[in-house]
Amino acid sequence: MNQIKFLHLSMKPNWFKMVKDGDRLEDYRPYNEYWIKRIHRNFERVVCSMGFGKNKSKFTLSFEGLEIRSESIHPEWGEPETTHFVIKLGKRA
């Protein structure tokens, strides 16, 4: 029997709400050793949680893919261009 593979993402409250409401369809993580080791797997679901802890709010979405991009995520804030993972988020699972 194949087990479903979950990618767990902890989010700040504002990003959590945007994803939960369907206003944000992607999540960004830095392209570094920490995420390279964890993200290059065949995930089927993404578990989004608000922060850390035992009683955190969470929900599950389908995993729609992964990209690597070099760009400024928030150019309006003056952020420089960086390389990062773009996690494509799907519908509620």
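What pairs come out if I take residues in the stretch 1-13 that are touching a residue at least 60 places away in the same chain (Cβ under 8 Å) and pair them with residues that are part of a loop (DSSP other than H, G, I, E, B) whose C-beta lies under 9 Å away, six or more apart or interchain?
Every condition considered, the pairs that remain are Leu7/Arg41; Leu7/Phe43; Leu7/Glu44.
For the stretch 3-30, which positions are surrounded by 14 or more Cβ atoms within 10 Å (Cβ to Cβ) and either touching a Gly at 6+ places or on another chain (Cβ under 7 Å) or over 16 Å from Gly65 (Cβ atoms) (or both)?
The answer is Ser10, Met11, Trp15, Phe16, Lys17, Met18, Lys20.
Among the residues of the stretch 52-73, is there at least one that is basic (Lys, Arg), within 20 Å of His84 (Cα to Cα) and surrounded by 14 or more Cβ atoms within 10 Å (Cβ to Cβ)?
yes
Just for the stretch 74-90: of the residues that are in contact with a Phe, Trp or Tyr (Cβ under 8 Å, 6 or more places away or on another chain) and not polar (S, T, N, Q), which one is surrounded by the most Cβ atoms within 10 Å (Cβ to Cβ)?
Ile87
Identify, from the list Ile36, Ile73, the residue that is aliphatic (A, V, I, L, M), over 10 Å from the mean Cα position of the chain (by Cα) and part of a helix (DSSP H, G or I).
One residue alone meets the criteria, Ile36.
Quick note: the coordinates plus some simple rules give every number you see, no bench work behind them. None of these values were measured; they are calculated from a predicted model. Quick reminder, even Gly has a Cβ in these numbers, built from the backbone with ideal geometry, and neighbours come from all protein chains shown.
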